[in-house]
1. Could you tell me whether segment 37-114 comes out rounded, prolate or oblate from its Cα gyration tensor? Rule is a ≥ b ≥ c as square roots of the eigenvalues, rounded for a/c under 1.5, then prolate if a/b exceeds b/c, otherwise oblate.
2. Going highest first, how would you order 31-42, 116-127 by mean Cβ packing within 10 Å?
3. Pairing the Cα long axis of helix 144-156 with the longest principal axis of the chain, what angle in degrees results, from 0 to 90 and rounded to the nearest 10?
4. Name the residues whose placed amide hydrogens come within less than 5 Å of the amide hydrogen of V21, ignoring near sequence neighbours (fewer than 5 apart) on the same chain.
5. Using a 1.4 Å probe on the protein heavy atoms, what percent of the accessible area of the chain belongs to carbon and sulfur?
6. When only Cα pairs under 8 Å and 6 or more residues apart are kept, what is the percent relative contact order across segment 124-218?
7. With a Förster radius of 30 Å, plug the Cβ-Cβ distance of H290 and S262 into 1/(1 + (r/R0)^6) and report the FRET value to the nearest 0.05.
8. Pop out the ³J(HN,Hα) list for segment 64-79 in order, Karplus 6.51 cos²θ - 1.76 cosθ + 1.60 with θ = phi - 60°, rounded to Hz; leave Gly and Pro as x.
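The values are calculated or read from the model by the stated rules, or taken from the named source; none is laboratory data. Everything numeric here is computed off the predicted structure, so don't read it as measured data. As a convention, Cβ positions derive from the backbone with ideal geometry for all residues, glycine included, and neighbour counts pool all protein chains shown. These accessible areas exclude ligands, DNA and RNA; they are computed on the full protein's heavy atoms, side chains included. Shrake-Rupley method; radii C 1.70, N 1.55, O 1.52, S 1.80 Å.
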Amino acid sequence: MKINLNITNKAKWLNPKVPYVISGPCSVESEQQVLETAKQIASAKQVSVLRGGIWKPRTRPNSFEGIGEVGLPWLKAAGNIVGLPVATEVAKAEHVEACLKHDIDVLWIGARTTVNPFSVQEIADALKGVDIPVFVKNPITPDLNLWIGALERINAVGITRLGAIHRGFATHEKSVYRNTPMWELPIELKMLCPDLPIICDPSHISGNHELIAGVAQKALDLEMDGLMIESHVNPTVAKSDAEQQVSPDELSKIIEELQVRSSQSNNQDFANNLERLRSIIDEIDEDLIHKFSSRMDVVEKIGAYKKDNEVIILQLERWEYILKNRTEIGQKSGLSAGFIKKLLDLIHQESIRLQTKVMNE
Ligand code: PEP
Ligand code: MN
């Protein structure tokens, strides 16, 4: 099933520079800070849009909540001086109105707003009859339908220069990232809406400037259309997200070192080899599925025995043994303990589901 969005072909409005980069400070703090950042990031000619947060949705009160409307003319003037369109985040109808009044060129909806259909609808209503590009960040929770729903609401009022921003998800999983990327979600969005541009925000995924280059490279290798990277003329004194902002020099180096690989190759040897390797993968996958199926047959038999003998489904000791033993086997074969754990968790959940069914029959 594909999602029908009425959108303008991305080649017509996303700057053809590859990748399309939106950069600038997390927050506009002063006229001078945004102008100096803009001048320095524009000089390398790698950036397509200057960003700056005006209203900041902060997790805890008493943090810097943004400079407010007074910062919009500073942002716009900085963009004019360096010749870049400017973008900011809107969370309410009145933000949209203020942005339109100050000729802001591009808007985005933040992760904490996308989760709330009332807020998204309020923004959509304020955008009726307006012709401006809008990006929708993923909701902070890993819920693809909420993300799609927000895109649909904005599209329904006639915004056709529409894009999505992947900024990672807040989960309970322990991770080196501030927000786990869960790449499978933007990949699924891409499958459902193949024409929708998706850009990645490695800054909010990483939460730390050192991880940004790796996340950005991965995003390009997954065929994302661009990047939103927070940059600040002096990150150490930034009033929000200081750890994840990069200096203009760092930004330039990150972009310069990105490898832009193509999705196809004209080399016939490459095509033949890829074809051959893919057919091996096809066979292995088929084997794996048959093996999983045989394993589940045994699981069902065990379920029936447990039922006959009035024994409970979950046997913790056995599960602990499986985890330890399979991790050892996996590691000997070069598979990471994390991967084995995830795979076994999935198999175990399905086994419990099947045995519960048997028990209740
Ligand atoms: C931001 O881009 O500064 C921001 C607040 O992002 P997010 O909505 O992804 O948290
Ligand atoms: Mn930020």
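1. prolate
2. 31-42, 116-127
3. 40
4. S48, V49, L227
5. It is 52 percent, rounded to a whole number.
6. 26
7. Step by step, r from the Cβ atoms, then E = 0.25.
8. 5, 9, x, 7, x, 3, 4, x, 4, x, 5, 4, 5, 5, 4, x
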